[in-house]
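Peer 1: Following this message is one structure expressed as C-alpha cells.
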Amino acid sequence: MSFKLSLFLSIFVIMEEQRKIKLLGKTPDELKQIATEAGLPAFTGKQIAQWMYQKKVRSIDEMTNISKAGRENLAARYEVGALPVIDLQVSRDGTKKYLFPVSCTHVHGTNAADTASDLETSAIEAVMIPDDDRRTLCVSSQAGCKMGCKFCMTGRQGFHGNLSAGDIISQYLSVDESDQLTNTVFMGMGEPLDNYENVKRAIDILTADWGFGWSPKRITLSSIGVLPNLKKFLDETRCHLAISMHDPFGQERGTMMPVQNAYPLEEVLDLIRQYDFSGQRRVSFEYTMFQGFNDDKQHADAIIRLLRGLECRVNLIRFHKIPDFPYDTTSDGIMESFRDRLSRAGITATIRASRGEDIFAACGMLAGEHGEKA
C-alpha cells in the first residue's frame with residue numbers, strides 16, 4: 001500500500017471515529033463522570049485511568065476488570081483514542097521517526113472567550129532517540145507551527161492546529177518503546193507554549209500518581225519564549241526548560257525568529273532570572289550554529305554577557321541543511337572553539353550529537369512527510 005493511500009485511509013478512519021469521544025487525555029474525575037453517566041460505578045473512572053495510563057491498553061475491550069456489559073456501554077460512545085502509526089523510519093544510528101495522522105483543533109481569534117473552532121486533518125511526527133540505557137521520546141504538540149523560524153522545516157509548513165492532550169499522550173502509547181521510555185522532550189513539531197493548556201494537561205498525566213507516575217526531572221520543554229505561558233509553565237510545573245536562543249543579538253535574532261519582535265530574548269531572560277535553577281531543575285539554551293552568521297567570538301562573548309550569573313547550560317546544535325536557506329553548517333573546529341570559549345567563561349557548554357539526520361528526524365527537520373516524499 002502506498003504512503004499516500006495509507007495516510008488517506010487512516011484519516012478516513014479518524015473522521016469516522018470522531019463520532020466517538022476519546023477517553024485518552026481525561027482525568028480520573030472526568031472519567032468518573034463518564035462512568036456514572038454510562039451506568040457504571042463511580043470507581044470505574046479510576047480503573048479506566050489505570051488501564052490507559054499505567055497498563056497502556058489501546059481499546060476499551062482490554063479493560064477486563066470492567067464488566068462486559070459495562071465495556072459495551074462505554075464503547076458505544078467512547079474509545080481510548082490512541083493514534084495509529086502510519087509510517088516508521090529507522091536511522092542508521094538507531095533513531096526512529098514515527099508518523100501519526102491527527103485531527104487537530106484550529107481555534108479562530110485570540111480572545112479567550114472566542115471558542116469558535118474547526119477540525120483540520122494533518123500528520124505529526126514523534127522521534128525516539130536511543131542512548132545506551134536511555135530511551136527519549138521527542139513529542140509534537142502542534143501540527144505545523146505558526147512561529148515561522150526561517151531555519152525550521154516545521155515552521156515553513158505553516159500552522160494546521162493544536163493537538164489535544166490525548167493526542168500528545170497517544171504518542172507515548174503508540175511507539176514500540178512505550179514501556180521502555182526513560183525521558184521525554186517537548187521538542188517536536190510546534191511551539192509547546194502556544195498550546196499550553198493541552199501541553200500542561202499532558203504533563204499532569206505524565207507526572208500524576210494515577211497517570212504515568214514520572215518525575216518532572218524526566219521531562220524537558222523547549223520553547224522560543226512565549227512569555228505569558230512561559231511564566232505559567234515555570235510556576236505550575238517542575239519540569240526542565242530549554243530556550244531556543246540561536247542568536248544573542250536581538251536584531252539578528254529577529255531576522256531568523258519573528259518571535260523576537262513580540263517577546264525579546266532579554267525579557268525572556270529577565271523572567272527566567274526570577275526562578276531558582278541551582279537545584280535539580282535545569283534551564284538550558286539551544287543554539288543552532290550557522291556558518292558565518294552566528295558562530296564567531298563576538299557572538300560567544302555576547303552569550304557570556306547575557307547569561308552571566310545564571311545557572312544554566314548552552315547546547316550547541318549543528319545546523320542541518322534544508323532547502324532554500326542561505327546558510328551552511330558550522331565546521332566542527334569552529335563549534336569546538338565556540339564551546340571552549342563559553343566554558344572558559346564559566347558557562348557549561350556542550351555540542352549536541354546529531355541524531356537521525358538521514359531520516360529527517362534531527363532538530364528543525366520535522367515536517368510530517370514520510371514515504372515517497374522523504
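The values are calculated or read from the model by the stated rules, or taken from the named source; none is laboratory data. A quick note: this is a predicted structure, and the numbers were derived from the prediction, not measured. Every residue, glycine among them, receives a Cβ derived from its backbone with ideal geometry; neighbour counts consider all protein chains shown. We work out accessible area using only protein heavy atoms, side chains counted, and drop any ligands, DNA or RNA first. Shrake-Rupley method; radii C 1.70, N 1.55, O 1.52, S 1.80 Å.
Peer 1: Please compute the net charge surrounding residue 27, taking Lys and Arg as +1 and Asp and Glu as -1 over other residues with Cβ under 15 Å from its Cβ.
Peer 2: Working: positive: 22, 26, 32, 46, 200, 201; negative: 29, 30, 197, 204, 209.
So the surrounding residues net to +1.
Peer 1: Here is a follow-up. Per residue, how much accessible surface does the chain expose to a 1.4 Å probe? Answer in Å², no decimals. Show your work: numbers first, answer last.
Peer 2: Details: 16800 Å² over 374 residues.
Per residue, the chain has an accessible area of 45 Å².
Peer 1: Ok, one more. Carbon and sulfur: what percent of the range 140-211's accessible surface (1.4 Å probe)?
Peer 2: 44 percent
Peer 1: Pull out the extension gain between residue 236 and residue 297, defined as 0.36 nm times the separation in residues minus the alpha carbon to alpha carbon distance; nm, one decimal.
Peer 2: Numbers: separation 61, 0.36 × 61 = 21.96 nm, distance 3.74 nm.
Value of the extension gain: 18.2 nm.
Peer 1: Residue 328 versus residue 69, label points 7 Å from Cα toward the beta carbon: distance in nm?
Peer 2: Rounded to a tenth, the inter-label distance reads 7.4 nm.
Peer 1: If I take R0 = 25 Å and measure r between the Cβ atoms of residue 92 and residue 282 in this structure, what FRET efficiency does the formula 1/(1 + (r/R0)^6) give, to the nearest 0.05? Numbers along the way, then the final one.
Peer 2: Working: r = 30 Å, r/R0 = 1.21.
Computed FRET efficiency for residue 92 and residue 282 comes out at 0.25.
Peer 1: Can you give the calculated 222 nm mean residue ellipticity of the chain, where each DSSP H run of n ≥ 4 adds -39,500 (n - 2.57) and the sum is split over every residue, rounded to the nearest 500 deg cm²/dmol? Numbers along the way, then the final one.
Peer 2: Details: 13 runs with 120 residues, N = 374.
Mean residue ellipticity at 222 nm (helix-derived): -9000 deg cm²/dmol.
Peer 1: Per-residue counts of other Cβ atoms within 10 Å, averaged by peptide: what ranking do you get for 293-299, 67-73, highest first? Numbers along the way, then the final one.
Peer 2: Values: 293-299: 17.3, 67-73: 14.4.
Order by mean packing, descending: 293-299, 67-73.
Peer 1: Note the full-extension length gain between residue 308 and residue 77 as 0.36 nm times their separation in residues minus their Cα-Cα distance, in nm to one decimal. If you can, show how the numbers build up before the last one.
Peer 2: Working: separation 231, 0.36 × 231 = 83.16 nm, distance 5.60 nm.
Taking 0.36 nm per residue and subtracting the Cα distance, the gain is 77.6 nm.
Peer 1: Something else now. Tell me the net charge near residue 200. Cut-off is 12 Å between Cβ atoms, residue 200 excluded, with +1 for each Lys or Arg and -1 for each Asp or Glu. Spell out each step's value before the answer.
Peer 2: Values: positive: 201, 232; negative: 197, 204, 235, 236.
With Lys, Arg at +1 and Asp, Glu at -1, the neighbours total -2.
Peer 1: Run down the lysines and flag those whose C-alpha is under 30 Å from the C-alpha of residue 32, throwing out any fewer than 8 positions away in its chain.
Peer 2: 20, 22, 46, 55, 56, 68, 200, 217, 232
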